[in-house]
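Have a look at the structure below before the remarks.
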Amino acid sequence: MIYTKFSIEELKDKLHNCLNEERYIHSLGVMEMSVKLAKEYNLDEEKAMLAGLLHDCAKCFSKTELLKYSDLFEDCEKLTVKTWHAPVGAIIAKSDYDINDDEILSAIRWHTIGKNNMSDFEKIIFLADKIEHRTREIEFREKIESVLNTSHNLDLALLKSFKITIKSLLKRNLPICYQTVDVYNSLLEKVNDSI
Ligand code: DGI
Ligand code: FE
Ligand code: FE
């Protein structure tokens, strides 16, 4: 493949060894949904397949292992362990899976807290993670999918997705990265401007 020296089967085998079964199935689901969205939004399908498959490649690392990369964390990420696999995943995708494309690596890097001015490619990977059909609960994914289907607007779907995540973090008394809040506010402004 152009973007790595490994074949897709080799990548899947390597990933399967690093994740528990449920997380591996989720990764296959994100891969499928990323390709589907890439087709619909005229983006690179091979890159989408790789980013989708590998986005959670560091998800099952121990806290100690993840902390070795803490220099890469945004300040706001430091509070919340659940976000650490994203910056670490981008590094591991490069070093262990030989991914040589910056857009794939960036989509992995920002797939959890999001960032302002995401590219369409980063947006579809972010969304595919939240709406894949293999493990995501139907009541949440359908809310985002219906926005996508009716509007065909990635920003509106992202806004819905952040709304659901922020609500869920509030409900569980978990901290919210201020970058997530900032991205939410920017999307809201952008969407209101375009109405
Ligand atoms: O890794 P996944 O479970 O597939 O999904 P993810 O990477 O989007 O999110 C992992 C978890 O991180 C999810 O339960 C939400 C949580 N999280 C914790 N703090 C934040 C956060 N997500 C966002 N967007 N912002 C936060 O501040
Ligand atoms: Fe993740
Ligand atoms: Fe995921």
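The values are calculated or read from the model by the stated rules, or taken from the named source; none is laboratory data. This structure is a prediction, so every number in the text was calculated from the model and none was measured. Backbone-built Cβ (ideal geometry, glycine too); neighbour counts: all protein chains shown. We work out accessible area using only protein heavy atoms, side chains counted, and drop any ligands, DNA or RNA first. Shrake-Rupley method; radii C 1.70, N 1.55, O 1.52, S 1.80 Å.
Points worth noting:
- Heavy-atom surface analysis with a 1.4 Å probe gives segment 125-195 a carbon and sulfur content of 53 percent of its accessible area.
- Placing R0 at 45 angstrom, the Cβ-Cβ distance between Asp102 and Ser62 gives a FRET efficiency of 0.95 after rounding to 0.05.
- Derived scalar couplings ³J(HN,Hα) [segment 100-114; Karplus, 6.51 cos²θ - 1.76 cosθ + 1.60; whole Hz; x for Gly, Pro]: 10, 10, 5, 6, 4, 5, 5, 4, 5, 4, 9, 6, 9, 8, x
- Remark: segment 1-41 carries a charge dipole of roughly 160 debye about the Cα centre, counting +1 on each Lys and Arg Cβ and -1 on each Asp and Glu Cβ.
- Comparing Leu170, Asn153, Leu50 along the charge dipole axis of the chain, the residue lying farthest to the positive side is Leu170, per the Cβ-charge model.
- Cα→Cβ-extended label distance, 7 Å offset, between Ser146 and Val181, nm: 2.9 nm
- Low-density loop positions, trypsin sites (Lys or Arg not before Pro), segment 104-195 - DSSP coil, at most 13 other Cβ in 10 Å: Arg172
- Selection of trypsin sites (Lys or Arg not before Pro), segment 1-41, meeting DSSP coil and at most 15 other Cβ within 10 Å: Lys5
- For the chain, taking a cut-off of 4.7 Å between Cβ atoms, the unpaired cysteines are Cys18, Cys57, Cys60.
- Relative contact order for segment 8-137: 31 percent, from Cα pairs under 8 Å spaced at least 6 residues apart, divided by residue count.
- Cα lying deepest toward the dipole's positive end in the chain, options Ala93, Thr180, His111, charges on Cβ: Thr180
- Shown in residue order for segment 13-24 are the 3J(HN,Hα) couplings computed by the Karplus curve 6.51 cos²θ - 1.76 cosθ + 1.60 at θ = phi - 60°: 4, 4, 5, 4, 5, 9, 10, 6, 4, 5, 5, 5 Hz (x for Gly and Pro).
- Separation between Cα centres of segment 1-26 and segment 36-62, rounded to whole Å: 11 Å
- On a per residue basis, the chain carries 50 Å² of accessible surface, using protein heavy atoms and a 1.4 Å probe.
- In the assembled protein chains, Asp182 presents an accessible area of approximately 80 Å² (probe radius 1.4 Å).
- For segment 120-134, Karplus couplings with θ = phi - 60° (6.51, -1.76, 1.60), whole Hz, Gly/Pro x: 4, 4, 4, 5, 5, 5, 4, 5, 4, 4, 8, 10, 4, 8, 7
- Solvent-accessible area of segment 22-112 (1.4 angstrom probe, protein heavy atoms only): carbon and sulfur portion equals 49 percent.
- Size of charge dipole - the chain - debye, nearest 20, with Cβ of Lys, Arg +1 and Asp, Glu -1, no other charges: 700 debye
- For the chain, the C-alpha radius of gyration sits at 0.97 times the compact-globule guess of 2.2 N^0.38 Å, with N the residue count.
- A simple charge model with +1 on the Cβ of Lys and Arg, -1 on the Cβ of Asp and Glu and nothing else charged puts the dipole of segment 2-79 at about 120 debye relative to its Cα centre.
- Modelled spin-label separation between Arg134 and Leu79, with each label point placed 7 Å from Cα along the Cα-to-Cβ direction: 3.3 nm.
- Listed cross-link partners Lys63/Lys94; Lys12/Lys94; Lys39/Lys167; Lys47/Lys68 are compared with a 25 Å cut-off, the Cα-Cα value being larger for Lys39/Lys167; Lys47/Lys68.
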